[in-house]
Amino acid sequence: MGRLSPSSEGKALYTIEQRQRRDSSPWTVVQGVLAAFQFLVFLASLALVIRTLMTGEGAFAANASVLFKTLVLYTIMVTGSLWEKDVFGQYLFAPAFFWEDVVSFVVIALHTAYVAALLSGYLGQHELMLLALAAYGVYAVNAAQFVWKLRQARLGAAPVMPHGQQGAGA
């Protein structure tokens, strides 16, 4: 009881109890601060990656920025799972945030592949920057998912899935 089901379209994103747990969780504030910080890191790193791709210069700074972005990503993933546990009683894949978590894992996989390729020397600098762009593209999709979910939470409605899909949080 209290869980959202895939067919609970039109209901609130959170039950009353979940909203209370969300509002009292220290991880809620941590997530808000880290999300904003991560977005700023993303923008700065994106600029460095694009500069390196366009000019061939600044590879060290671009690589360092992607590594830092990856560290921030890992941090937000760990604290996000603690938040999910506080609010929904499970660390990941709570029905209300199932698809956001799925895409988050793709983002993590791409960032981790970047780190592995950088450390192993498996890819050249140009390919590394392209991999970073791919990771950042999926991150942008994931960030948009969370902004949409935040909007839905503020409106007090369940998220609307396109084309009649029934998502875990819908």
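The values are calculated or read from the model by the stated rules, or taken from the named source; none is laboratory data. Computed from a predicted structure; not experimentally measured. Note: ideal-geometry Cβ built from the backbone for every residue, glycine included; neighbour counts use all protein chains shown.
Out of the residues in the stretch 39-63 that are under 23 Å from the mean Cα position of the chain (by Cα) and of a type in the set (Phe, Trp, Tyr), which is surrounded by the most Cβ atoms within 10 Å (Cβ to Cβ)? Ranking the candidates gives PHE42 first.
Per the listing THR70, THR112, the residue uniquely touching a His at 6+ places or on another chain (Cβ under 7 Å) and closer than 16 Å to MET129 by Cα is THR70. Scanning the stretch 117-134 for residues that are aliphatic (A, V, I, L, M), over 13 Å from SER65 (Cα atoms) and part of a helix (DSSP H, G or I), we see that the one that is farthest from the chain's Cα centre (by Cα) is LEU119. Might you let me know whether the stretch 106-120 holds any residue that is touching a residue at least 60 places away in the same chain (Cβ under 8 Å) and loosely packed, with under 15 Cβ neighbours inside 10 Å? No, because not a single residue in the stretch 106-120 is touching a residue at least 60 places away in the same chain (Cβ under 8 Å) and loosely packed, with under 15 Cβ neighbours inside 10 Å.
Residue-wise test of (1) of a type in the set (D, E, K, R); (2) on the phi > 0 side of the Ramachandran plot; (3) at pLDDT below 95.
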| residue | (1), (2), (3) |
| --- | --- |
| ARG3 | yes, no, yes |
| GLN18 | no, no, yes |
| ALA47 | no, no, no |
| THR52 | no, no, no |
| THR55 | no, no, no |
| PHE60 | no, no, no |
| VAL72 | no, no, no |
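Contact map, the stretch 47-60: residues that are more than 13 Å from LEU131 (Cα to Cα) paired with residues that are assigned to a helix (DSSP H, G or I) and among the β-branched types (Val, Ile, Thr), Cβ distance under 6 Å, separation 6+ or inter-chain. Pairs shown: GLY58/THR52; ALA59/THR52.
For the stretch 88-105, the candidate set comprises residues that are surrounded by 16 or more Cβ atoms within 10 Å (Cβ to Cβ) and of a type in the set (Gly, Ala, Ser); within that set, the residue that is nearest to THR52 (Cα to Cα) is SER104. On the given criteria, is LEU92 without any contact (Cβ under 8 Å) to a residue 40 or more places away in the chain, part of a loop (DSSP other than H, G, I, E, B) and not polar (S, T, N, Q)? Spelling it out, LEU92 is indeed without any contact (Cβ under 8 Å) to a residue 40 or more places away in the chain, part of a loop (DSSP other than H, G, I, E, B) and not polar (S, T, N, Q). Selection of first residues in the stretch 66-89 that are of a type in the set (Ser, Thr, Tyr) and of second residues that are in a loop (DSSP other than H, G, I, E, B), restricted to Cβ pairs under 8 Å at least 6 apart or on distinct chains, gives the following pairs, ordered by first then second residue: SER81/TYR91; SER81/LEU92.
Taking the listed residues LEU82, LEU67, LEU34, the one that is within 29 Å of HIS126 (Cβ to Cβ), assigned to a helix (DSSP H, G or I) and out of contact with any Lys or Arg (no Cβ under 9 Å at 6 or more places or on another chain) is LEU67, with no other qualifying.
Which condition number does GLY10 fail, the rest of (1) surrounded by 15 or more Cβ atoms within 10 Å (Cβ to Cβ); (2) at pLDDT below 95; (3) among the small types (Gly, Ala, Ser) being met? GLY10 satisfies every listed condition except (1).
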